[in-house]
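For reference, the structure discussed in these notes is given below.
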Amino acid sequence: MEAVLLRARGLPESRTIATYLAAGGYEGLKKALTMTPDAVTKEVLDSELRGRGGAGFPTGRKWGFVPKDHPGPRYLICNADESEPGTFKDREIIEHDPHQVVEGIAIASYAIRANTAYIYIRGEFVRWARILEEAIEEARKGGFLGKNILGGGFDLDVWVHRGAGAYICGEETALLESLEGKRGFPRLKPPFPAVVGAFGKPTAVNNVETLACVPHIMARGAPWFASIGRPRNTGPKLFCVSGHVNRPGVYELPLGVTFREIIEEHCQGVRGGRKLKAYFPGGTSAPIMTAAEVDVQADFDACAQAGTMLGSGGIIVLDETVDMVEVCATVAHFYAHESCGQCTPCREGADWCMDILDRMVEGHGRPADPETLLRICRFSSNGITICPLGDAYALPISSIVNKFREEFDRRIGTASPLPQKKLPVLPWTGPRPGFGV
């Protein structure tokens, strides 16, 4: 498949507007401005583009939820937080082709009739924030942003907003809270951001990779985009592969390739000649898959049918030397640290899982521990918390316990009792019985 999203990778001066225009950049925006906003939304809907941020929701449908008759302002938010462990695709797009993102933002803003857009980016991504700011300034000078864009009567301002580096702010409502200057607590839904979003106004929130697909859909047409991949899972997808492979990195492939092809062909197999043991298909928040499940297709529907999720496309490969109890403990540590603490099942459950798994790693596992972990996970998943972070820690932990139960049982079989701490006996300093109150 020809490179689409990563076509500028390796080109000299790839970040400049001159290079972007030479490759046909901003042609999609020019075409969009000759159409009605509803026609632009329909084109994206017909392409069957699904959100690349993790949920895989149809992008055109999300835009369609924004009220057309709202008298006040609307907002478009580009989610560049990219905090899922094992995910580094959005930075790759920004690094090599930031105007692709800027053009996608402009088209999406026109489609939902928004005149202000924000790029919400992690505070640690200082380099990439500067790259985006430079691209926005170039686009503004070129007439692709600002007042009366390309003479089409459409106005748009784009601003880069740096977050404080919280995993939870990758969730769209927590992102909106942070954007407004508040603590990044997810909001109860409904109302959904499409109706009550940033500053209480209708808002569409899209991932960097999602918006980068939009200019190509507009320039080359929905049928072209829909011809890549398979029905309901169309277009190119960036897969970021890390862990125990010979060639980690970001790969652009059509949705629907198998994980075996990605790992064995594109990444040239597991490093050191070792065997594959397991892999996370979509970052650590996705249920883990075993080596026997490597022929699953890498798309939204196939992963759901296999009991996992494609998520952000962050594939983490684990070889046969990995201790799955330690992997589970590492996952628990991350989510316990990143929980915002708003919901009790998530706040307490993630900490409890972390404590149990730490004790098991230290060699003091108890026979009831695996079932206790599964029970905690049941009470934190299936939508019981305000946002999906409860599921984000419960699904991988429960899948690791279920699929690698023998490793947990082996730990318990060789465990030693936890040393009991003797509390010091302190002298009584209170009033003597019968004297005073």
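Is it the case that the stretch 261-275 has a residue that's buried (at least 18 other Cβ atoms within 10 Å of the Cβ) and closer than 30 Å to Gly181 by Cα?
The answer is no; no qualifying residue exists.
If we scan the stretch 238-247, do we find a residue that is part of a strand (DSSP E or B) and either hydroxyl-bearing (Ser, Thr, Tyr) or without any contact (Cβ under 8 Å) to a residue 12 or more places away in the chain (or both)?
Scanning the stretch 238-247, I find at least one residue that is part of a strand (DSSP E or B) and either hydroxyl-bearing (Ser, Thr, Tyr) or without any contact (Cβ under 8 Å) to a residue 12 or more places away in the chain (or both), so the answer is yes.
So Gly349 ticks every box in (1) touching a residue at least 12 places away in the same chain (Cβ under 8 Å); (2) surrounded by fewer than 21 Cβ atoms within 10 Å (Cβ to Cβ); (3) not hydrophobic (A, V, I, L, M, F, W, C) but one. Which box is left unticked?
Failing condition for Gly349: (2).
Out of everything in the stretch 15-32 that is crowded, with 19+ Cβ neighbours inside 10 Å and outside any helix (DSSP H, G or I), what residue ends up being nearest to the chain's Cα centre (by Cα)?
The residue in question is Arg15.
Do we have any residue at all in the stretch 299-309 that's surrounded by fewer than 20 Cβ atoms within 10 Å (Cβ to Cβ), more than 18 Å from Phe404 (Cβ to Cβ) and of a type in the set (Phe, Trp, Tyr)?
no
Are there any pairs, at least 6 apart or on different chains, whose C-beta atoms fall under 9 Å, with the first in the stretch 318-336 and more than 21 Å from Ser380 (Cβ to Cβ) and the second among the aliphatic types (A, V, I, L, M) and assigned to a loop (DSSP other than H, G, I, E, B), and if so, which?
Leu318/Ile288
Which of (1) outside any helix (DSSP H, G or I); (2) on the phi > 0 side of the Ramachandran plot; (3) surrounded by fewer than 21 Cβ atoms within 10 Å (Cβ to Cβ) is the odd one out, the single condition Thr321 does not satisfy?
(2)
Residue-by-condition table, conditions (1) modelled with pLDDT under 95; (2) β-branched (Val, Ile, Thr):
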residue	(1), (2)
Ala3	yes, no
Pro12	yes, no
Thr16	no, yes
Tyr26	no, no
Leu29	no, no
Ala32	no, no
Pro37	no, no
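Hey, does the stretch 381-398 have a residue that's farther than 19 Å from Ala55 by Cα, crowded, with 17+ Cβ neighbours inside 10 Å and among the aliphatic types (A, V, I, L, M)?
The answer is yes; a qualifying residue exists.
Can you find a residue in the stretch 332-344 that is part of a loop (DSSP other than H, G, I, E, B), modelled with pLDDT under 95 and buried (at least 20 other Cβ atoms within 10 Å of the Cβ)?
Checking the stretch 332-344: at least one residue is part of a loop (DSSP other than H, G, I, E, B), modelled with pLDDT under 95 and buried (at least 20 other Cβ atoms within 10 Å of the Cβ).
Please go through (1) without any contact (Cβ under 8 Å) to a residue 12 or more places away in the chain; (2) assigned to a loop (DSSP other than H, G, I, E, B) for Ala39 and return the number of the only condition it doesn't satisfy.
(2)
Among the residues of the stretch 50-83, write down those that are touching a Ser or Thr at 6+ places or on another chain (Cβ under 8 Å) and either modelled with pLDDT under 90 or not in a loop (DSSP other than H, G, I, E, B) (or both).
Residues satisfying the conditions are Arg50, Gly53, Gly54, Thr59, Gly60, Trp63, Gly64, Tyr75, Leu76, Ile77.
Show me the helices (runs of 4 or more DSSP H) found entirely inside the stretch 368-437 where at least 3 residues are on the phi < 0 side of the Ramachandran plot, in contact (Cβ under 8 Å) with a residue 40 or more places away in the chain and of a type in the set (A, V, I, L, M, F, W, C).
389-403
The values are calculated or read from the model by the stated rules, or taken from the named source; none is laboratory data. Small disclaimer: the values here were computed from a predicted structure and weren't measured. In this analysis, Cβ positions are derived from the backbone assuming ideal geometry, glycine residues included, and neighbour counts consider all displayed protein chains.
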